[in-house]
1. Provide an ascending nm list, one decimal, of label-point separations from residue B:11 to the equivalent residue in each further copy; define each label point as 7 Å from Cα along Cα→Cβ.
2. Which FRET efficiency value, to the nearest 0.05, do you get for residue B:345 and residue A:323 by plugging their Cβ-Cβ distance into 1/(1 + (r/R0)^6) with R0 = 56 Å?
3. How far, in nm to one decimal, is residue B:273 from itself in the other copies if the label point is set 7 angstrom along Cα toward Cβ? Shortest first, please.
4. Kindly provide the trypsin sites (Lys or Arg not before Pro) of the stretch A:243-320 that DSSP labels as loop, not H, G, I, E or B, and whose Cβ sees at most 15 other Cβ atoms within 10 Å.
5. Given the rotation that superposes chain B on chain A, what residue of B brings its beta carbon nearest the axis, and what is the distance in Å?
6. Calculated FRET efficiency, residue B:65 and residue B:141, Cβ-Cβ r, R0 41 Å, to nearest 0.05?
7. Which distance in nm do the two modelled labels at residue A:363 and residue A:132 give, with both placed 7 Å along the Cα-to-Cβ direction?
8. Per residue of A:7-14, what is the mean number of Cβ atoms on other protein chains within 10 angstrom of that residue's Cβ?
Protein chains: 2
Amino acid sequence: MTDSAAQILEQQQIEPVLLLGPGPSSVSPRVLQSMTHALLGYLDGDFRKVLSEECELLRRSYGTKNPVTFALSGTGMAGMECALSNLLEPGERLLVGVNGFFGERMCEVAQRHGIEVHRVDAEWGKPVDPEELEKAAKAANPKVVAVVHAETSTGCLQPLEPYARVAKQVGALFLADCVTSIGGVPVGLDAHGVDAAYAGSQKCLGAPPGLSPVSFSPRAMDAMAARKRPCTSWYTDVRLLERYYFGEPAAYHHTPSNSMHYALVTALNLLHQSEGQDAVFARHMANHRSLVAGLEALGLRMLVAEGYRTPMLNSFPVPDGVDEAKIRARLRQRDRIEIGAGLGKLKGRILRIGLMGHSSRRAHVASVLTALAAALREQGYRCSTEEALQAAGF
Amino acid sequence: MTDSAAQILEQQQIEPVLLLGPGPSSVSPRVLQSMTHALLGYLDGDFRKVLSEECELLRRSYGTKNPVTFALSGTGMAGMECALSNLLEPGERLLVGVNGFFGERMCEVAQRHGIEVHRVDAEWGKPVDPEELEKAAKAANPKVVAVVHAETSTGCLQPLEPYARVAKQVGALFLADCVTSIGGVPVGLDAHGVDAAYAGSQKCLGAPPGLSPVSFSPRAMDAMAARKRPCTSWYTDVRLLERYYFGEPAAYHHTPSNSMHYALVTALNLLHQSEGQDAVFARHMANHRSLVAGLEALGLRMLVAEGYRTPMLNSFPVPDGVDEAKIRARLRQRDRIEIGAGLGKLKGRILRIGLMGHSSRRAHVASVLTALAAALREQGYRCSTEEALQAAGF
């Protein structure tokens, strides 16, 4: 008789996997431990304090004073759908700068909601051209301009200012996907004039997946108040959720997951109070630089040009003659390391190494370089582990 | 300087509250502990085994062989919206039997999605009249007939068969809200001819809130396949989710919360393997009977007539001259017990005592009766703790 999943979990029979993929990332034991705290009612005063502190720390992560900043009861994809469907009514116009899988996703999700989607495409791995976006914005006169800050599918980080300027020029709201960027690089919603953003709990913020931090500027809230019809999705209606998260007294809407919020508030405290946000950014950058130097010493070239690389996600094309699925399987089975495959049109063509949140550690850079070099050599690719480690600063 | 929420949680400074409200309920320490297991990738083989076992145990809880049975990444309200928006397209007809707050909610949510809503109302606390439902179904010829199995707002449990028969007569799909019933009383989707159901993880199943178990019959899946337009909500599109939960290979859709699934599979194992479903049902019933006997000995009368009371949620009108908010505050502050207020039109008029999942314990019946009797007497209401406990079998 084999053990049930419950027994396997209880006895911690699954040897941990070092999560160096696109997320979830490995989290601190203190974050996991926080979830063992007893549950509380959804209107309980002590639970409200947890939520209130969480919202305040999320504002710091987002770099915003937006009162309506909270963690939605769903994953990052729920956050994307929440932002699009609350900001736009069916028939209204959205302009998306698409430079990867998640930009495509925005278009797909918006179309489901009957939103008129306009798009400007850039090669995957390159930033969207602000001039092209400007031209398209002037032609389409959209209600919302949207881009992905750090594309998880490619590792391209594009600065938000130029796109925010375009949105401002045409009087549109500016929406940014911050799923991978938040917690790893400065986001600065208020400084850059971002009106709405969504993220995930499971990447650089260092919590398990399950919550989507979202933020809406007063201007975005005004746009929602001026809607002719309420948001199609009742579950992610921001105006209803505002009454639960910030109402006095709070109005019952749904039953949020205590355990998820315990984990997120703990992760946010580790980030902002124990380590400090600037130190966390510096750690992500240092480990990124070290990894890139090592990868290049292995003879690999990065997918994204220098200057546009996001430190938390490092992509490189698979060398000719190498089977990427075998590389991943070998790392997972023999080294207990997970790295990511390509998504969409990059499926089978690139590999992605995430160094996010608690997974962004110096020791992990050495582990993954060593394992990767060995796996590449197994397939006849010539490279030296020693040179890679030396280049990476070990 | 006050402690942060993270410190408070880490040091378990919040004395646990006994959760005897409408949910979340207190959960087993083993369920909480399971969430400390290290995270795994969303396509990881070991995590797929957890999901697969969870789906199989959910089928047992639902009494179904439906292949498409899984836990959605959202709370029970996400499950409600998922079921309605997947089964029905804008303009299609839904008939709801409304006998409480959550029946009302179904109407509200469906209207958001442009569904044409017809309704048959019953007094809150009483079952929906199957004959009236039949008349309305023949007049409206709906695509879906929906009822709430156990109304959390009142504690009314209505048998599913008569409504299933009505749906069958007019060739409609039959949808049941099983949020509070699942795990506490037999649900029997296949035996009763239920085509679609949604539930919550945080009530009788004994896990924290955060997941919504859903189930769809092959007939319901056929109806989705025949849609003219895909489901408006991308995040809860069942046909996309089917490819993630059951696809070989699994198709990436979103990043489910490992921790929540660890907790749910552990709770389901405790329910089905350690205690056994029949024993769990018997425990809920025995504690319910004991509580009702105690409440009646206090001179309180139940909101719902005998024969229609759901064992997991016990409602009673607040006696004249008693302030229900003060009762709840006294129990929460002095006794560390949470009980529930009325919802919607019953707000301020009833109190609700939940005995769900791990909260349904013999000792808790004595705790809540004792605390309630003392709180009532503080407001001048005359009753005897001793008589109540004796009637309850202590």
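1. The projected label point of residue B:11 is separated from its counterparts by 3.7 nm.
2. According to the calculation, E is roughly 0.30.
3. 3.7
4. Those that pass, being in a loop and sparsely packed, are A:301.
5. Closest Cβ to the B-to-A rotation axis, residue and whole-Å distance: B:35, 2.
6. The pair residue B:65/residue B:141 has a calculated efficiency of 0.90.
7. 4.4
8. That average works out to 6.
Values in this text are rule-based calculations from the coordinates and carry no lab data. Values in this document were obtained by computation on a predicted structure and should not be read as measured data. Methodologically, a virtual Cβ is constructed for each residue, glycine included, from the backbone with ideal geometry; neighbour enumeration extends over all protein chains shown.
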